[in-house]
Amino acid sequence: MARHQRQALIDTIEQRRASHLICCVTSDRENANGIMAKDFIRIFFDHLTAFKDHGKVDVFLFTLGGDTLAAFGLSRLLREFTS
């Protein structure tokens, strides 16, 4: 799917849900797997601080696993920024 198609889909979801949508997709290719790690927290923090209002945030996350403490930290961060 082309970038402009993905952006149009994200815009549609945000409008219908009246929210911000953060998409985080890691690789599932053989020998190039991407997994959840603690560096995700800083990336999400940067995105969250860029929003003018933090009322409602949806997350689309695709990962094959990774550090459970990073996932926990990410959930705590999202709770701090959203209502």
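Proximity of backbone amide H atoms, modeled 1.01 Å from N, is registered between LEU61 and CYS24 at under 5 Å, excluding neighbours fewer than 5 places apart on the same chain. Here the gap between ALA8 and THR49, fully extended at 0.36 nm per residue and compared with their Cα-Cα distance, gives a gain of 12.5 nm.
Using a Förster distance of 22 Å, how high is the FRET efficiency between THR68 and LEU21, based on the Cβ-Cβ distance and rounded to 0.05? So the FRET efficiency works out to roughly 0.40. When the helices of the chain are scored as -39500 (n - 2.57) per DSSP H run of n ≥ 4 and the total is divided over every residue, the value at 222 nm lands at -16000 deg cm²/dmol.
Ordering LYS52, LYS38 from the fewest to the most neighbouring beta carbons within 10 Å gives LYS52, LYS38.
Using the Cβ of PHE45 as centre and a radius below 15 Å, the other residues enclosed give a net charge of +1, where K and R count +1 and D and E count -1. Distances between placed amide hydrogens fall under 5 Å for MET36 paired with LEU64, GLY65, GLY66, ASP67, all partners being 5 or more residues away or on another chain. With neighbour counts taken as other beta-carbon atoms within 10 Å, the residues ILE43, ILE13 rank, fewest first, as ILE43, ILE13. Measuring how big the chain is from its alpha-carbon positions, Rg and Dmax come out at 13.6, 39 Å.
If you rank GLU80, GLU14, GLU30 by fewest surrounding Cβ atoms within 10 Å, what's the result?
Values: GLU80 9, GLU14 14, GLU30 6.
Fewest-to-most Cβ neighbours within 10 Å comes out as GLU30, GLU80, GLU14.
The numbers here are math on the coordinates, done by the rules we state, and not lab data. In this text, all values refer to a predicted model and were calculated from it rather than measured experimentally. Cβ atoms come from the backbone with ideal geometry, glycine included; neighbour counts cover every protein chain shown.
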